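Asks: Starting off with a structure, shown below.
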Amino acid sequence: MAFSQDEVLAGLAEIVNDETGIATESVQMDKSFTDDLDIDSISMMTIVVNAEDKFGVKIPDEEVKNLITVGDAVNFIVAAQG
Amino acid sequence: MAGKIVVTGLGATTPLGGDVESTWNALLAGESGISTLEQEWVARYEIPVTFAGQAKVKAADVLTPQECKRLDPSSQFALIAGREAWKDANITDVAPERVAVEFSTGIGGVWTLLDAFDTLKEKGPRRVLPMTVPMLMPNGPAVAIGMDIAARGGVRTAVSACASSTEALANAIDRLRTGEVDVVVAGGSEAAIHPLPISAFASMHALSKRNDDPASASRPYDVSRDGFVMGEGAGALVIETEEHALARGAKIYAELVSGAVTSDAHHITAPDPEGTGAARAVVRALEHGGVAATEITHINAHATSTPVGDIAEYTALKRVFGDHLDSIAVSATKSSTGHLLGGAGAIEAIFTVLAVQKRIAPPTINVDNQDPLIPVDVVREPRDLGAAPVTAMSNSFGFGGHNAVVIIRSYEG
(Lines give C-alpha, C1' and ligand atoms only; values in the text may rest on other atoms or scores of the structure.)
Protein backbone atom coordinates (compact mmCIF):
# COMPACT_ATOMS: atom_id res chain seq x y z
CA MET A 1 0.00 0.00 0.00
CA ALA A 2 1.46 3.32 -1.05
CA PHE A 3 1.68 6.30 1.28
CA SER A 4 -0.04 9.51 0.18
CA GLN A 5 1.83 12.81 -0.02
CA ASP A 6 0.26 13.96 3.24
CA GLU A 7 1.22 10.72 4.95
CA VAL A 8 4.81 10.97 3.74
CA LEU A 9 5.05 14.59 4.91
CA ALA A 10 3.68 13.69 8.34
CA GLY A 11 5.99 10.68 8.63
CA LEU A 12 9.01 12.67 7.49
CA ALA A 13 8.18 15.43 9.97
CA GLU A 14 8.22 12.84 12.76
CA ILE A 15 11.62 11.56 11.62
CA VAL A 16 13.01 15.10 11.49
CA ASN A 17 11.59 15.87 14.92
CA ASP A 18 13.03 12.68 16.37
CA GLU A 19 16.50 13.44 15.00
CA THR A 20 16.71 17.19 15.56
CA GLY A 21 13.96 18.26 17.94
CA ILE A 22 12.48 20.57 15.29
CA ALA A 23 8.70 20.86 15.80
CA THR A 24 6.76 18.70 13.33
CA GLU A 25 4.61 21.66 12.27
CA SER A 26 7.76 23.48 11.12
CA VAL A 27 8.49 20.75 8.60
CA GLN A 28 6.58 22.18 5.61
CA MET A 29 6.83 21.33 1.91
CA ASP A 30 8.54 24.63 0.99
CA LYS A 31 11.17 24.54 3.75
CA SER A 32 14.83 24.01 2.86
CA PHE A 33 16.53 21.37 4.99
CA THR A 34 19.72 23.41 5.35
CA ASP A 35 18.66 27.07 5.02
CA ASP A 36 15.33 26.95 6.89
CA LEU A 37 15.63 23.96 9.22
CA ASP A 38 19.41 24.19 9.84
CA ILE A 39 19.86 20.45 9.37
CA ASP A 40 23.50 19.39 8.88
CA SER A 41 24.73 16.67 6.54
CA ILE A 42 25.07 14.06 9.27
CA SER A 43 21.50 14.59 10.44
CA MET A 44 20.36 14.58 6.82
CA MET A 45 21.90 11.15 6.24
CA THR A 46 20.26 9.84 9.40
CA ILE A 47 16.90 11.22 8.24
CA VAL A 48 17.37 9.63 4.82
CA VAL A 49 18.16 6.21 6.29
CA ASN A 50 15.20 6.38 8.66
CA ALA A 51 12.93 7.50 5.82
CA GLU A 52 14.05 4.57 3.68
CA ASP A 53 13.15 2.26 6.52
CA LYS A 54 9.80 3.88 7.26
CA PHE A 55 8.54 4.14 3.68
CA GLY A 56 10.23 1.07 2.19
CA VAL A 57 12.05 3.01 -0.53
CA LYS A 58 15.66 3.49 -1.63
CA ILE A 59 17.08 7.01 -1.72
CA PRO A 60 20.45 6.75 -3.53
CA ASP A 61 23.30 8.84 -2.08
CA GLU A 62 23.66 10.76 -5.35
CA GLU A 63 19.98 11.71 -5.10
CA VAL A 64 20.24 13.14 -1.57
CA LYS A 65 22.01 16.31 -2.76
CA ASN A 66 19.02 17.08 -4.96
CA LEU A 67 16.61 16.99 -2.03
CA ILE A 68 16.84 20.70 -1.20
CA THR A 69 13.40 21.18 0.28
CA VAL A 70 11.11 18.98 2.34
CA GLY A 71 8.85 18.90 -0.71
CA ASP A 72 11.68 17.49 -2.85
CA ALA A 73 12.08 14.63 -0.40
CA VAL A 74 8.34 14.00 -0.05
CA ASN A 75 7.83 13.96 -3.84
CA PHE A 76 10.83 11.67 -4.35
CA ILE A 77 9.55 9.21 -1.76
CA VAL A 78 6.01 9.23 -3.15
CA ALA A 79 7.31 8.56 -6.66
CA ALA A 80 9.81 5.94 -5.51
CA GLN A 81 7.07 3.83 -3.92
CA GLY A 82 6.29 2.67 -7.44
CA MET B 1 53.73 29.99 35.61
CA ALA B 2 55.01 29.48 39.14
CA GLY B 3 51.92 30.47 41.15
CA LYS B 4 49.37 28.15 42.71
CA ILE B 5 46.75 26.19 40.81
CA VAL B 6 43.31 26.06 42.37
CA VAL B 7 40.02 24.21 42.03
CA THR B 8 37.04 26.51 41.50
CA GLY B 9 34.25 24.29 40.17
CA LEU B 10 32.99 20.75 40.74
CA GLY B 11 30.51 18.56 38.87
CA ALA B 12 29.55 14.91 39.08
CA THR B 13 26.97 12.31 38.32
CA THR B 14 27.59 9.04 40.12
CA PRO B 15 25.93 5.92 41.53
CA LEU B 16 25.39 7.96 44.72
CA GLY B 17 23.75 11.03 43.20
CA GLY B 18 23.11 13.17 40.17
CA ASP B 19 25.35 16.01 41.34
CA VAL B 20 28.25 16.75 43.68
CA GLU B 21 26.19 17.70 46.73
CA SER B 22 23.93 14.64 46.70
CA THR B 23 26.91 12.37 45.97
CA TRP B 24 28.97 13.79 48.82
CA ASN B 25 26.07 13.62 51.28
CA ALA B 26 25.35 9.99 50.38
CA LEU B 27 29.05 9.19 50.69
CA LEU B 28 29.23 10.72 54.19
CA ALA B 29 26.05 8.83 55.14
CA GLY B 30 27.81 5.57 54.30
CA GLU B 31 25.43 4.65 51.52
CA SER B 32 26.15 2.10 48.81
CA GLY B 33 25.44 3.00 45.19
CA ILE B 34 25.59 -0.65 44.13
CA SER B 35 22.45 -2.52 43.12
CA THR B 36 21.15 -5.49 41.16
CA LEU B 37 20.92 -4.99 37.39
CA GLU B 38 17.31 -5.33 36.26
CA GLN B 39 18.09 -5.13 32.53
CA GLU B 40 16.72 -7.98 30.43
CA TRP B 41 20.14 -8.75 28.95
CA VAL B 42 21.43 -10.02 32.27
CA ALA B 43 19.23 -13.12 32.00
CA ARG B 44 19.35 -13.30 28.20
CA TYR B 45 23.13 -13.70 28.15
CA GLU B 46 23.39 -15.36 31.57
CA ILE B 47 25.83 -12.66 32.68
CA PRO B 48 27.81 -14.06 35.61
CA VAL B 49 27.84 -10.77 37.54
CA THR B 50 24.35 -9.34 38.07
CA PHE B 51 25.02 -6.01 39.83
CA ALA B 52 26.84 -2.72 39.37
CA GLY B 53 26.94 0.90 40.43
CA GLN B 54 24.44 2.46 38.08
CA ALA B 55 24.12 6.23 37.80
CA LYS B 56 21.60 7.37 40.39
CA VAL B 57 20.05 9.86 37.96
CA LYS B 58 19.51 8.76 34.36
CA ALA B 59 21.12 11.02 31.76
CA ALA B 60 17.84 11.06 29.83
CA ASP B 61 16.22 12.81 32.80
CA VAL B 62 18.73 15.67 32.57
CA LEU B 63 19.60 16.12 28.89
CA THR B 64 17.35 16.76 25.89
CA PRO B 65 16.33 13.82 23.66
CA GLN B 66 18.52 15.22 20.88
CA GLU B 67 21.57 15.46 23.16
CA CYS B 68 21.03 11.85 24.18
CA LYS B 69 20.59 10.77 20.56
CA ARG B 70 23.85 12.38 19.44
CA LEU B 71 26.03 11.44 22.41
CA ASP B 72 27.22 8.08 23.66
CA PRO B 73 26.24 7.52 27.32
CA SER B 74 29.87 8.20 28.32
CA SER B 75 29.60 11.65 26.71
CA GLN B 76 26.17 12.22 28.23
CA PHE B 77 27.60 11.76 31.73
CA ALA B 78 30.56 13.97 30.82
CA LEU B 79 28.29 16.76 29.63
CA ILE B 80 26.19 16.61 32.81
CA ALA B 81 29.25 16.77 35.07
CA GLY B 82 31.02 19.36 32.92
CA ARG B 83 28.02 21.68 32.92
CA GLU B 84 27.63 21.45 36.69
CA ALA B 85 31.33 22.21 37.22
CA TRP B 86 31.31 25.11 34.75
CA LYS B 87 28.19 26.62 36.31
CA ASP B 88 29.67 26.13 39.77
CA ALA B 89 32.87 27.94 38.76
CA ASN B 90 30.71 30.80 37.46
CA ILE B 91 33.18 31.87 34.79
CA THR B 92 31.40 34.55 32.82
CA ASP B 93 34.20 36.33 31.02
CA VAL B 94 37.11 34.34 29.63
CA ALA B 95 38.63 34.14 26.15
CA PRO B 96 37.78 30.72 24.65
CA GLU B 97 41.40 30.41 23.50
CA ARG B 98 42.46 30.47 27.17
CA VAL B 99 40.21 27.53 28.12
CA ALA B 100 41.24 23.88 27.68
CA VAL B 101 39.68 20.51 28.39
CA GLU B 102 41.48 17.42 29.69
CA PHE B 103 38.76 14.81 29.92
CA SER B 104 39.18 11.06 29.93
CA THR B 105 37.41 7.81 29.49
CA GLY B 106 38.84 4.38 30.07
CA ILE B 107 36.80 2.47 27.51
CA GLY B 108 35.09 5.03 25.29
CA GLY B 109 31.79 4.75 23.45
CA VAL B 110 31.28 1.04 23.91
CA TRP B 111 27.48 1.21 23.80
CA THR B 112 27.57 3.05 20.47
CA LEU B 113 30.14 0.70 18.97
CA LEU B 114 28.34 -2.49 19.90
CA ASP B 115 24.85 -1.21 19.10
CA ALA B 116 26.13 -0.19 15.67
CA PHE B 117 27.60 -3.65 15.11
CA ASP B 118 24.25 -5.19 16.03
CA THR B 119 22.60 -2.90 13.45
CA LEU B 120 25.16 -3.89 10.82
CA LYS B 121 24.54 -7.58 11.42
CA GLU B 122 20.76 -7.28 11.50
CA LYS B 123 20.05 -4.59 8.91
CA GLY B 124 23.21 -4.06 6.86
CA PRO B 125 25.73 -1.23 6.43
CA ARG B 126 23.22 1.27 5.06
CA ARG B 127 21.54 1.43 8.48
CA VAL B 128 24.74 2.16 10.41
CA LEU B 129 24.12 5.76 11.41
CA PRO B 130 26.52 8.51 10.29
CA MET B 131 26.99 9.71 13.88
CA THR B 132 28.50 6.35 14.87
CA VAL B 133 32.16 7.36 14.66
CA PRO B 134 31.92 10.71 16.47
CA MET B 135 29.85 9.01 19.14
CA LEU B 136 32.18 6.08 19.79
CA MET B 137 35.52 7.93 19.67
CA PRO B 138 37.21 8.12 23.08
CA ASN B 139 37.67 11.89 22.79
CA GLY B 140 33.87 12.20 22.53
CA PRO B 141 33.29 13.06 26.22
CA ALA B 142 36.02 15.73 26.15
CA VAL B 143 34.63 17.22 22.95
CA ALA B 144 31.09 17.24 24.33
CA ILE B 145 32.27 19.48 27.16
CA GLY B 146 34.60 21.52 24.97
CA MET B 147 31.84 22.38 22.52
CA ASP B 148 29.37 23.15 25.30
CA ILE B 149 31.63 25.70 27.00
CA ALA B 150 33.45 26.85 23.81
CA ALA B 151 36.92 25.74 24.91
CA ARG B 152 39.37 26.59 22.13
CA GLY B 153 42.66 26.21 24.01
CA GLY B 154 42.93 22.48 23.22
CA VAL B 155 40.72 19.51 24.04
CA ARG B 156 42.58 16.34 24.94
CA THR B 157 41.84 12.86 26.24
CA ALA B 158 44.30 10.88 28.32
CA VAL B 159 43.47 7.19 28.02
CA SER B 160 45.18 5.01 30.63
CA ALA B 161 42.45 2.63 31.80
CA CYS B 162 41.52 3.21 35.44
CA ALA B 163 44.25 5.83 35.88
CA SER B 164 42.82 7.96 33.05
CA SER B 165 41.14 10.80 34.86
CA THR B 166 43.86 11.26 37.47
CA GLU B 167 46.27 11.48 34.55
CA ALA B 168 43.93 14.07 33.02
CA LEU B 169 44.29 16.17 36.18
CA ALA B 170 48.08 15.85 36.05
CA ASN B 171 47.99 16.91 32.40
CA ALA B 172 45.74 19.85 33.28
CA ILE B 173 48.35 21.10 35.73
CA ASP B 174 50.94 20.91 32.95
CA ARG B 175 48.70 22.89 30.59
CA LEU B 176 48.28 25.67 33.14
CA ARG B 177 52.00 25.69 33.94
CA THR B 178 52.83 26.41 30.30
CA GLY B 179 50.91 29.67 30.59
CA GLU B 180 49.03 28.91 27.37
CA VAL B 181 45.66 28.67 29.10
CA ASP B 182 44.11 30.07 32.28
CA VAL B 183 41.33 27.53 32.86
CA VAL B 184 41.03 23.79 32.33
CA VAL B 185 37.99 21.57 32.76
CA ALA B 186 39.44 18.21 33.77
CA GLY B 187 38.02 14.85 34.72
CA GLY B 188 36.67 11.65 33.28
CA SER B 189 33.64 9.61 32.45
CA GLU B 190 32.61 6.02 31.98
CA ALA B 191 29.47 4.23 30.80
CA ALA B 192 30.45 0.60 30.38
CA ILE B 193 27.71 -1.25 32.24
CA HIS B 194 27.07 -3.27 29.11
CA PRO B 195 27.01 -7.07 28.82
CA LEU B 196 30.29 -7.24 26.90
CA PRO B 197 32.62 -5.33 29.27
CA ILE B 198 30.98 -7.01 32.26
CA SER B 199 31.55 -10.44 30.70
CA ALA B 200 35.12 -9.54 29.76
CA PHE B 201 36.05 -8.23 33.21
CA ALA B 202 34.32 -11.25 34.77
CA SER B 203 36.23 -13.70 32.60
CA MET B 204 39.51 -12.28 33.89
CA HIS B 205 38.17 -12.74 37.45
CA ALA B 206 38.45 -9.01 38.13
CA LEU B 207 34.85 -8.53 39.31
CA SER B 208 33.20 -9.41 42.60
CA LYS B 209 30.67 -12.21 42.21
CA ARG B 210 28.71 -11.37 45.35
CA ASN B 211 25.42 -11.46 43.41
CA ASP B 212 23.33 -12.16 46.50
CA ASP B 213 24.51 -9.04 48.35
CA PRO B 214 25.43 -6.22 45.94
CA ALA B 215 25.61 -3.42 48.54
CA SER B 216 28.44 -5.18 50.37
CA ALA B 217 30.28 -6.45 47.28
CA SER B 218 32.72 -3.54 47.04
CA ARG B 219 34.77 -4.09 50.20
CA PRO B 220 38.31 -2.74 49.87
CA TYR B 221 40.71 -3.92 52.61
CA ASP B 222 38.25 -6.55 53.89
CA VAL B 223 39.61 -10.11 54.08
CA SER B 224 36.68 -11.42 52.03
CA ARG B 225 36.99 -8.96 49.11
CA ASP B 226 36.70 -10.82 45.81
CA GLY B 227 37.01 -8.21 43.07
CA PHE B 228 35.85 -4.76 42.03
CA VAL B 229 32.34 -3.59 41.21
CA MET B 230 31.77 -1.68 38.00
CA GLY B 231 30.32 1.79 38.33
CA GLU B 232 29.32 4.47 35.85
CA GLY B 233 29.16 8.25 35.80
CA ALA B 234 31.51 11.19 35.53
CA GLY B 235 33.39 13.81 37.51
CA ALA B 236 34.59 17.21 36.33
CA LEU B 237 36.75 19.83 38.02
CA VAL B 238 37.35 23.38 36.88
CA ILE B 239 40.93 24.28 37.70
CA GLU B 240 42.68 27.53 37.01
CA THR B 241 45.62 29.60 38.01
CA GLU B 242 45.24 31.28 41.37
CA GLU B 243 45.96 34.59 39.66
CA HIS B 244 43.05 34.11 37.26
CA ALA B 245 40.72 32.90 40.01
CA LEU B 246 41.51 35.81 42.32
CA ALA B 247 41.19 38.36 39.52
CA ARG B 248 37.62 37.30 38.89
CA GLY B 249 36.76 36.91 42.57
CA ALA B 250 36.13 33.16 42.32
CA LYS B 251 35.34 30.94 45.26
CA ILE B 252 38.24 28.54 45.72
CA TYR B 253 37.69 25.01 46.98
CA ALA B 254 41.27 23.83 47.28
CA GLU B 255 44.75 23.97 45.84
CA LEU B 256 45.73 21.36 43.25
CA VAL B 257 49.36 21.13 44.26
CA SER B 258 50.88 18.64 41.86
CA GLY B 259 50.48 15.45 39.89
CA ALA B 260 52.66 12.69 38.52
CA VAL B 261 52.40 9.77 36.14
CA THR B 262 54.60 6.67 35.88
CA SER B 263 54.37 3.25 34.24
CA ASP B 264 55.33 -0.22 35.44
CA ALA B 265 56.34 -2.01 32.21
CA HIS B 266 55.80 -5.11 34.33
CA HIS B 267 52.59 -6.89 33.28
CA ILE B 268 49.59 -5.90 31.19
CA THR B 269 47.10 -6.34 34.03
CA ALA B 270 48.85 -7.42 37.24
CA PRO B 271 50.25 -4.66 39.43
CA ASP B 272 53.95 -4.79 40.19
CA PRO B 273 53.89 -6.73 43.51
CA GLU B 274 56.71 -4.56 44.85
CA GLY B 275 54.69 -1.43 44.06
CA THR B 276 57.79 0.21 42.59
CA GLY B 277 56.07 2.12 39.78
CA ALA B 278 53.22 3.26 42.00
CA ALA B 279 55.70 4.38 44.67
CA ARG B 280 57.63 6.35 42.07
CA ALA B 281 54.45 8.17 41.08
CA VAL B 282 53.81 9.12 44.71
CA VAL B 283 57.40 10.29 45.18
CA ARG B 284 57.33 12.33 41.98
CA ALA B 285 54.07 13.99 42.93
CA LEU B 286 55.56 14.92 46.30
CA GLU B 287 58.69 16.26 44.61
CA HIS B 288 56.77 18.22 41.99
CA GLY B 289 54.75 19.89 44.71
CA GLY B 290 57.63 20.44 47.12
CA VAL B 291 55.63 18.44 49.67
CA ALA B 292 57.28 16.38 52.41
CA ALA B 293 55.86 12.87 52.83
CA THR B 294 55.06 13.68 56.45
CA GLU B 295 52.76 16.52 55.36
CA ILE B 296 50.26 14.05 53.84
CA THR B 297 47.52 13.27 56.37
CA HIS B 298 44.73 11.92 54.15
CA ILE B 299 44.75 9.58 51.16
CA ASN B 300 41.87 8.67 48.89
CA ALA B 301 43.25 5.30 47.84
CA HIS B 302 42.74 3.52 44.54
CA ALA B 303 41.61 0.46 46.57
CA THR B 304 39.33 -1.27 44.10
CA SER B 305 38.58 -4.28 46.34
CA THR B 306 40.59 -6.80 44.34
CA PRO B 307 42.65 -9.27 46.39
CA VAL B 308 46.04 -8.36 44.89
CA GLY B 309 45.48 -4.72 43.94
CA ASP B 310 44.73 -3.49 47.45
CA ILE B 311 47.88 -5.16 48.78
CA ALA B 312 50.05 -3.80 45.96
CA GLU B 313 48.91 -0.25 46.69
CA TYR B 314 49.61 -0.72 50.40
CA THR B 315 53.09 -1.99 49.57
CA ALA B 316 53.74 1.10 47.45
CA LEU B 317 52.47 3.48 50.13
CA LYS B 318 54.47 1.74 52.85
CA ARG B 319 57.55 2.02 50.67
CA VAL B 320 57.17 5.80 50.46
CA PHE B 321 55.65 6.75 53.78
CA GLY B 322 57.13 4.15 56.15
CA ASP B 323 55.88 4.62 59.73
CA HIS B 324 54.16 7.89 58.78
CA LEU B 325 51.54 5.77 56.97
CA ASP B 326 50.05 5.05 60.43
CA SER B 327 49.27 8.78 60.74
CA ILE B 328 47.40 8.99 57.42
CA ALA B 329 43.61 8.68 57.31
CA VAL B 330 42.91 6.39 54.36
CA SER B 331 39.52 6.42 52.60
CA ALA B 332 38.51 3.85 50.01
CA THR B 333 35.43 5.47 48.51
CA LYS B 334 34.97 2.83 45.81
CA SER B 335 33.33 0.88 48.65
CA SER B 336 30.32 3.19 48.11
CA THR B 337 30.57 4.22 44.46
CA GLY B 338 31.98 1.12 42.82
CA HIS B 339 34.76 1.56 40.30
CA LEU B 340 34.05 4.18 37.63
CA LEU B 341 37.14 3.12 35.64
CA GLY B 342 38.04 6.20 33.55
CA GLY B 343 35.83 8.35 35.78
CA ALA B 344 37.17 7.03 39.09
CA GLY B 345 40.09 9.41 39.51
CA ALA B 346 37.90 12.42 38.83
CA ILE B 347 35.24 11.66 41.40
CA GLU B 348 37.88 10.66 43.93
CA ALA B 349 39.72 13.94 43.32
CA ILE B 350 36.41 15.71 43.98
CA PHE B 351 36.04 13.78 47.23
CA THR B 352 39.59 14.75 48.16
CA VAL B 353 38.94 18.41 47.33
CA LEU B 354 35.88 18.39 49.59
CA ALA B 355 37.77 16.48 52.29
CA VAL B 356 40.54 19.09 52.52
CA GLN B 357 38.10 21.97 52.23
CA LYS B 358 35.63 20.71 54.83
CA ARG B 359 38.28 18.88 56.90
CA ILE B 360 36.28 15.65 56.73
CA ALA B 361 37.64 12.33 55.48
CA PRO B 362 34.80 10.30 53.90
CA PRO B 363 34.05 6.82 55.22
CA THR B 364 34.92 3.40 53.83
CA ILE B 365 32.05 0.95 54.09
CA ASN B 366 31.98 -2.86 54.22
CA VAL B 367 35.28 -3.31 56.06
CA ASP B 368 33.99 -5.97 58.45
CA ASN B 369 37.30 -7.75 58.97
CA GLN B 370 40.26 -5.67 57.88
CA ASP B 371 42.91 -7.67 56.07
CA PRO B 372 45.89 -7.98 58.47
CA LEU B 373 48.17 -7.71 55.43
CA ILE B 374 46.93 -4.11 54.91
CA PRO B 375 47.32 -2.45 58.31
CA VAL B 376 46.38 1.11 57.29
CA ASP B 377 44.24 3.50 59.31
CA VAL B 378 40.99 3.00 57.40
CA VAL B 379 38.41 5.76 57.85
CA ARG B 380 35.16 3.93 58.65
CA GLU B 381 33.03 6.87 59.78
CA PRO B 382 33.32 10.48 58.55
CA ARG B 383 36.40 11.77 60.35
CA ASP B 384 37.26 15.29 61.42
CA LEU B 385 40.70 16.07 60.05
CA GLY B 386 41.28 19.00 62.40
CA ALA B 387 41.21 22.74 61.87
CA ALA B 388 44.68 23.07 60.33
CA PRO B 389 45.14 22.93 56.54
CA VAL B 390 45.13 19.38 55.20
CA THR B 391 47.42 18.05 52.48
CA ALA B 392 45.99 14.95 50.82
CA MET B 393 46.64 12.56 47.96
CA SER B 394 44.46 10.71 45.47
CA ASN B 395 45.84 7.64 43.68
CA SER B 396 44.74 5.82 40.53
CA PHE B 397 46.26 2.79 38.84
CA GLY B 398 45.23 1.12 35.61
CA PHE B 399 45.58 -1.95 33.44
CA GLY B 400 48.68 -1.41 31.36
CA GLY B 401 50.73 -0.56 34.43
CA HIS B 402 49.62 3.09 34.65
CA ASN B 403 50.17 4.95 37.91
CA ALA B 404 48.79 8.44 38.48
CA VAL B 405 48.82 10.54 41.63
CA VAL B 406 47.61 14.04 42.50
CA ILE B 407 48.16 16.07 45.65
CA ILE B 408 45.43 18.41 46.89
CA ARG B 409 45.68 20.84 49.79
CA SER B 410 43.36 23.11 51.76
CA TYR B 411 43.48 26.54 50.13
CA GLU B 412 45.03 29.36 52.08
CA GLY B 413 44.96 32.72 50.35
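Asks: Take the range B:111-165 and flag every residue that is more than 13 Å from every other protein chain (Cβ to nearest Cβ) and of a type in the set (K, R).
Replies: Looking only at the range B:111-165, we keep the residues that are more than 13 Å from every other protein chain (Cβ to nearest Cβ), and these are B:111-115, B:117-118, B:121, B:136-165.
Selection gives B:K121, B:R152, B:R156.
Asks: If you don't mind, another one. Residues A:V27, A:V8, A:V74: which one is among the β-branched types (V, I, T), away from chain B (no Cβ under 14 Å) and within 16 Å of B:Q66 (Cβ to Cβ)? Don't jump to the end; show me each part of the working.
Replies: Details: A:V8 fails: within 16 Å of B:Q66 (Cβ to Cβ); A:V74 fails: within 16 Å of B:Q66 (Cβ to Cβ).
Just a single option satisfies the conditions, and that option is A:V27.
Asks: Have a look at A:A73, A:A13 and point out the one that is on the phi < 0 side of the Ramachandran plot, in contact with a Phe, Trp or Tyr (Cβ under 8 Å, 6 or more places away or on another chain), part of a helix (DSSP H, G or I) and aliphatic (A, V, I, L, M). If you could, list the steps in order and put the result at the bottom.
Replies: Details: A:A13 fails: in contact with a Phe, Trp or Tyr (Cβ under 8 Å, 6 or more places away or on another chain).
After ruling out the rest, the residue left standing is A:A73.
Asks: May I pose another question? Taking the stated definitions as given, is B:A355 touching a strand residue (DSSP E or B) at 6+ places or on another chain (Cβ under 6 Å) and small (G, A, S)? First the steps, then the outcome.
Replies: On the way: touching a strand residue (DSSP E or B) at 6+ places or on another chain (Cβ under 6 Å): yes; small (G, A, S): yes.
Against the criterion (touching a strand residue (DSSP E or B) at 6+ places or on another chain (Cβ under 6 Å) and small (G, A, S)), B:A355 qualifies.
Asks: What are the pairs with Cβ atoms under 7 angstrom where one residue, in the range B:48-74, is touching a residue at least 12 places away in the same chain (Cβ under 8 Å) and away from chain A (no Cβ under 14 Å) and the other, located anywhere, is of a type in the set (G, A, S) and surrounded by fewer than 18 Cβ atoms within 10 Å (Cβ to Cβ)? Sequence gap at least six, or different chains.
Replies: B:P48/B:A202; B:V49/B:A202; B:F51/B:S35; B:Q54/B:S35
Residue-wise test of (1) outside the structural domain of B:V94 (by TED's automatic domain parsing); (2) outside any strand (DSSP E or B); (3) hydrophobic (A, V, I, L, M, F, W, C).
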position	(1), (2), (3)
B:D226	no, yes, no
B:V238	no, no, yes
B:T262	yes, no, no
B:D272	yes, yes, no
B:V282	yes, yes, yes
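Asks: Could you go through the range A:32-55 and let me know if any residue there is away from every other protein chain (no Cβ under 12 Å), out of contact with any strand residue (DSSP E or B) (no Cβ under 9 Å at 6 or more places or on another chain) and of a type in the set (S, T, N, Q).
Replies: yes
Asks: List the helices (runs of 4 or more DSSP H) inside the range B:1-87, counting only whole elements, that have at least 3 residues being modelled with pLDDT under 95 and either more than 23 Å from the chain's Cα centre (by Cα) or not charged (D, E, K, R) (or both).
Replies: On the way: elements: B:20-28, B:40-44, B:65-70.
The helices (runs of 4 or more DSSP H) meeting that bar are B:65-70.
The values are calculated or read from the model by the stated rules, or taken from the named source; none is laboratory data. Because the structure is predicted, anything quoted here is derived from the model rather than measured. Don't worry about glycine lacking a Cβ; one is built from the backbone with ideal geometry, like all the others, and counts go over all protein chains shown.
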